[in-house]
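The values are calculated or read from the model by the stated rules, or taken from the named source; none is laboratory data. These figures come from a predicted structure and were not determined experimentally. Glycine also receives a Cβ, built like all others from the backbone with ideal geometry; neighbour counts cover every protein chain displayed. Note: areas computed on protein heavy atoms with side chains; ligands, DNA, RNA excluded. Shrake-Rupley method; radii C 1.70, N 1.55, O 1.52, S 1.80 Å.
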Amino acid sequence: VGSTIAYFQEMRAKDSYFYWRIKLDDEDWVENLFWIDGASRRAYAKYNDCLSFDTTYMTNMYKMPCAPFIGINNHGQSIQFGCGFVRNELKENFVWLFNTFLHAMGGVAPKNIITDQDFAMRSAIDEVFLNIIHRNCRWHIMKKAQE
C-alpha cells in the first residue's frame, strides 16, 4: 500500500488533475481504492453519456475485484474513466466507489450506466446516481439465459 500511495503522490505531482482515494478498514487494511488520471477526467467531461461498469471478470493477487469505469469516445472507441478495487461486492463498497467517482467528476453523473445483474451494484447505483438510465449488459443476460 505504501508503494501505491507513493506512486499516486508522484502521479499527482506530475498531473494536477490526477485523483485518487483510498478507504482503509479499522485495522488499516485497504477496503477500497480508486484512481483516475487528468486526461480521463477531461475526456469524461465530453463523453459522459454512457458508462460501462463490471467487476465480474477480473481479480488480482489480493483477491479484490477490479472495477474499471469504461466509456465510449466520439470515435466509438472504449476509454477508461477511472479504476478501482473493492474488497468485496457489497452495496456499501459500491456506494463508496460510485460516490468517489462522482466526486472526481465534479458531481457529473453519467447519463446511462450498463452493468451486470448484481443486486448490490444496482442498489448502490440507485442510491448514488439519481435520475440516470440503468441497463443490464446484454452479454450477461444471454450468458445467464443459456445457463
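Tell me which GluC sites (Glu not before Pro) from the range 1-81 have a DSSP coil assignment and no more than 14 other beta carbons within 10 Å of their own.
Filter output for the range 1-81: Glu27.
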Sum of -39500 (n - 2.57) over DSSP H runs of 4+, divided by residues of the chain (222 nm, nearest 500): -11500 deg cm²/dmol
With labels modelled as points extended 7 Å from the Cα through the Cβ direction, what inter-label distance (nm, one decimal) is found for Ile132 paired with Gln9? 3.2 nm
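Give the ranking of His134, His103 by solvent-accessible surface, highest area first, calculated with a 1.4 Å probe. Each step should come with its number before you reach the end.
Values: His134 35, His103 120 Å².
Per-residue accessible area, sorted high to low, gives His103, His134.
Rounded to a whole number, what % of the accessible area of the chain do carbon and sulfur atoms account for, probe 1.4 Å? All intermediate terms of the calculation are to be shown ahead of the outcome.
Values: 4640 of 8780 Å².
With neighbouring chains kept in place, the figure for the chain is 53 percent.
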Using +1 at the Cβ of each Lys and Arg and -1 at the Cβ of each Asp and Glu in the chain, identify which of His103, Ala13, Leu51 lies farthest towards the dipole's positive end. Leu51
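Quick one: net charge of Asp118's neighbours, Cβ under 10 Å, K/R +1, D/E -1?
On the way: positive: Lys91, Arg122; negative: Asp54, Glu89, Asp116.
My count for the surroundings of Asp118 gives -1.
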Please calculate how many Å² of accessible area the range 1-113 carries per residue, with a 1.4 Å probe and no DNA, RNA or ligand atoms counted. 56 Å²
Highest-fluctuation residue, Leu90, Leu33, Leu130 considered, GNM on the chain with Cα pairs under 10 Å: Leu130
If you place +1 on the Cβ of every Lys and Arg and -1 on the Cβ of every Asp and Glu, how big does the dipole about the Cα centre of the range 1-146 come out, in debye to the nearest 20? 620 debye
For the range 1-146, count all C-alpha to C-alpha pairs, find those more than 26 Å apart, and express that count as a whole percent of the total. 23 percent
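Under a Cβ-Cβ cut-off of 12 Å, what is the net charge of the residues other than Ser16 that fall near it, where Lys and Arg count +1 and Asp and Glu count -1?
Values: positive: Arg12, Lys14, Arg41, Arg42; negative: Asp15, Asp37.
Summing Lys/Arg as +1 and Asp/Glu as -1 gives +2.
What is the Cα radius of gyration of the range 1-71 over 2.2 N^0.38 Å, N being its residue count? Don't skip to the answer; put the middle values down first.
Details: Rg = 13.8 Å, N = 71, 2.2 N^0.38 = 11.1 Å.
This ratio for the range 1-71 stands at 1.24.
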In the neighbourhood of Tyr47 defined by beta carbon distances under 14 Å, the net charge of the other residues (Lys, Arg +1; Asp, Glu -1) is +3
